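Structure first, then comments.
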Amino acid sequence: MAPTDRPPAAPGTQSQQRAQQRQYASKPSRSQAATPASEAADMRLEFQQQQQPGNRTISAPTSPAKTRDSILQRVQSLTDAAKEKASSISNDIKYAAATRRQQRVSKDRLLTLLVVDDENFEWSRYFRGKRFFGDFEIHVEQADIKDLTVTASAERGCTVSMAVLSPSGSRVVRSFRPDFFLCRQSVRDASKDYRNVLLGLNIGGVPSINSLHSLYNFQDKPWVYGQLVQLQKKLGKENFPLIEQTFYPSSGEMSVATQLPVVLKVGHAHGGVGKIKVENNSDFQDMTSIVSVASTYCTTEPFVDSKYDLHLTKIGPHYRALMRKSVSGNWKSCVGSAMLEETEVLERYKFWLDAVAELFGGLDILSLEVVVSKDGIEQIIGVNDSALSLLGNQQEEDRKHIFDLIMERLETQVLANMSLQAVSQPQEEEPPAIPARRDSLVSESSVTSSHQSSQPVKANLSRQGSIVSAAAPVPVQQNKAGQLDDTEDTMKNLRKTFAGIFGEM
């Protein structure tokens, strides 16, 4: 047997050896246990190498001079940063102030037009890009009258707040100061009453078309009818055919109708609302109970079996006449389907419109409702203000006429404001008078130049010790000898004064 050859181990012995090997492998070696310490030592070594670029150089403690220099540099950098920040803030403030000044200047050249109308038509498209007098622009604010709130003061004017829809769909409130007002909706209709809008605009002094005075007078139809009655008495029934009307202040006075059939109108309403045809006394008594519940006045007028209605309009100097025939068979031509046809504007139609246009200080926009019986008899049954309905195929042309009226009034208003500002500007004041010297010893007693003698002496240039007063005329000439004597006397007085002073010393 060779010396290197070993006998095979027993099976039990082999298993024990394998177990010892596994146990030995599971225990960490000494070198492995010392690994964290060695890693820490390596990290310290690397840190020292980073602090010391070369192995031959030895780090020294930082000197106080270098520390002081670094602090001064840091303070200087902080100071520079603070100066830059302050300069930036100052520039922002200057820019904001300049922007506000520019906004004020542009705001002075911007006129705000408040239009009360529904959302079916946009008035701003007529005024977009329009200017007058070079740089005056018009901004249109349009809203339904129910969305307006007006606060007013005699000194600060009025402020209008309107509820509008934001892009997100929520309702927000926007406020502004109007310069002009156009009313294209009924201020009062049936149970709705927005006369407080007119009250606020009137206190704020906002001009409008039609005037606020006329708009407020149109908020009760019996009041307007009374003005038409006075106009008929002035012009005559033949020249101004007004339908007969009976007024009842309440249901208690509605005993028996004077004539039948009649058209009964309850309160103040438009578009056929609150209007009913009464054919007998029984129906009239039933309507009495309805009026008592409404707690308002009512009017009655004889029923006219009409052939057609006439809708006469006047917008500025422009006239129009439309014939309206009911197609649905309703006795109210304004209810249901109707056929419109433009007809000739006769001279008597112009006469009626011009006469009514003089009511309430003048109406720029108005319409007359005329009913024509089957016998051809024309009768005026009502009048409308600027909230009239535009009918027919010429509505676009009528709106342009309204636009022209507004532009004309705005130009007139701007010219009036400019003339008032020119008159109210204070004139330049004279500079304050120069106070006179109180310690003057020598008085101005003569004027030697003939040029000076030709001009009056001003009071603010005279001295209090002067012999010649400012109000008295200045002598034209004086003798030269007298001037020399005065000069010698003055010098003698001065010598005596100085001699006395130095003698006392």
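Odds and ends about this structure:
- Taking each residue as 0.36 nm, the span from GLU244 to PHE132 lengthens on full extension beyond its C-alpha to C-alpha distance by 35.6 nm.
- Between SER295 and GLN394, residue separation times 0.36 nm minus the direct Cα-Cα distance comes to 31.6 nm.
- Three-way shape call for the range 278-381 based on the alpha-carbon gyration tensor, with the a/c threshold at 1.5: oblate
- Out-of-range pairs (alpha-carbon distance over 23 Å; input LYS233/LYS277; LYS146/LYS221; LYS130/LYS314): LYS233/LYS277; LYS130/LYS314
- Between HIS213 and VAL229, the modelled label-to-label distance comes to 2.3 nm, taking each label 7 Å out from Cα in the direction of the beta carbon.
- Solvent accessible area, Å² - LYS400, 1.4 Å probe, full protein context: 100 Å²
- Of the GluC sites (Glu not before Pro) found in the range 203-291, those in coil by DSSP whose Cβ has at most 12 other Cβ atoms within 10 Å are GLU238, GLU244, GLU279.
- Amide H contacts of SER208 (H built 1.01 Å from N, under 5 Å, at least 5 apart or other chain): PHE181
- Whole-Hz ³J(HN,Hα) from phi, Karplus 6.51 cos²θ - 1.76 cosθ + 1.60, for the range 397-404, glycine and proline x: 5, 5, 5, 5, 5, 5, 4, 4
- Working ranking of peptides 386-393, 343-350 by packing, defined as the average number of other Cβ atoms within 10 Å per residue, highest first, is 386-393, 343-350.
- VAL414/LEU72 FRET efficiency (R0 51 Å; Cβ-Cβ; nearest 0.05): 0.20
- Here each label is just a point 7 Å from Cα along the line to Cβ, and for VAL335 and GLU119 those points are 2.8 nm apart.
- Each part reduced to its alpha carbon centroid, the range 244-321 and the range 395-410 end up 33 Å apart.
- For the range 158-312, the Cβ-based charge dipole about the Cα centre amounts to some 700 debye (Lys, Arg positive; Asp, Glu negative; other atoms uncharged).
- The residues neighbouring SER326, those whose beta-carbon lies less than 9 Å from its own, together hold a net charge of +2 under the Lys/Arg +1, Asp/Glu -1 convention.
The values are calculated or read from the model by the stated rules, or taken from the named source; none is laboratory data. These numbers were taken from a predicted model, which means no experiment stands behind them. Using ideal geometry, Cβ is built from the backbone for each residue, glycine included, and neighbour counts are taken over all protein chains shown. All accessible areas refer to the heavy atoms of the entire protein, side chains included, with ligands and DNA or RNA removed. Shrake-Rupley method; radii C 1.70, N 1.55, O 1.52, S 1.80 Å.
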